[in-house]
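Engineer: Shown below is the structure under consideration.
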């Protein structure tokens, strides 16, 4: 199977640079899988689990947002925050929920249309990720 170059970077560090056969991306408009010779595409990311498969096996990374740039033989992920899934702790998830709830409450007080909805979606995505990686946060997200 053909491979492609995969790079995952966050402001803190470069998390991965390797040859892979596919990248499963949590896109803001829906999940997608990129493979070698994928049509060029730039998309935003939502909080989720990004998975790569290649000759060295499968690896999973938690991302909170950012951008994916797919261009034929390469996929570059520029994440707002990213880490290997096995480094994600309950404390990290709880901090993200607390930040999201604070932002949602601030957005409700402001006059920016859709800001509270965007933060509510972020919180919903965190709940889904928590369920997927067995770090539940549902009970920490107050009702809207």
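Values in this text are rule-based calculations from the coordinates and carry no lab data. Just so it is clear, the structure is predicted and the values come from calculations on it, not from any experiment. Note that each Cβ is placed from the backbone with ideal geometry, even for glycine, and that neighbours are counted across all protein chains shown.
Engineer: Which value does Rg/Rh take for the chain over its C-alpha atoms, Rh per Kirkwood?
Structural biologist: Answer for the chain: 1.01.
Engineer: If each DSSP helix of 4+ residues adds -39,500 (n - 2.57) and the sum is divided by the residues in the chain, what number results at 222 nm, nearest 500 deg cm²/dmol?
Structural biologist: Mean residue ellipticity at 222 nm (helix-derived): -9000 deg cm²/dmol.
Engineer: Round to the nearest 10 and give me the degree value, 0 to 90, for the angle of helix 90-109's Cα axis relative to the longest principal axis of the chain.
Structural biologist: 60
Engineer: If each of residue 86 and residue 132 carries a label point 7 Å out from its Cα toward its Cβ, how far apart are those two points in nm?
Structural biologist: 1.9
Engineer: I would also like to ask the following. With a ≥ b ≥ c taken as the square roots of the eigenvalues of the C-alpha gyration tensor of the range 38-95, please select rounded if a/c is under 1.5 and otherwise prolate if a/b is larger than b/c or oblate if it is not?
Structural biologist: oblate
Engineer: If every alpha-carbon in the range 88-140 counts as one equal scatterer, what log10 I(q)/I(0) does Debye give at q = 0.12, 0.18, 0.28 1/Å?
Structural biologist: The computed values of log10 I(q)/I(0) come out as -0.26, -0.54, -1.01.
Engineer: Name the residues of the range 36-72 whose amide N is less than 15 Å from a point 7 angstrom out from the Cα of residue 118 along the C-beta direction?
Structural biologist: Zone members listed by number: 44-47, 65-67.
Engineer: What ranking do 29, 94 get, fewest neighbouring Cβ atoms within 10 angstrom at the top?
Structural biologist: Fewest-to-most ranking of 29, 94: 29, 94.
Engineer: Starting from the Kirkwood Rh over alpha-carbon pairs, what translational D in µm² s⁻¹ does the range 4-85 have by Stokes-Einstein at 4 °C and 1.567 mPa s?
Structural biologist: 107
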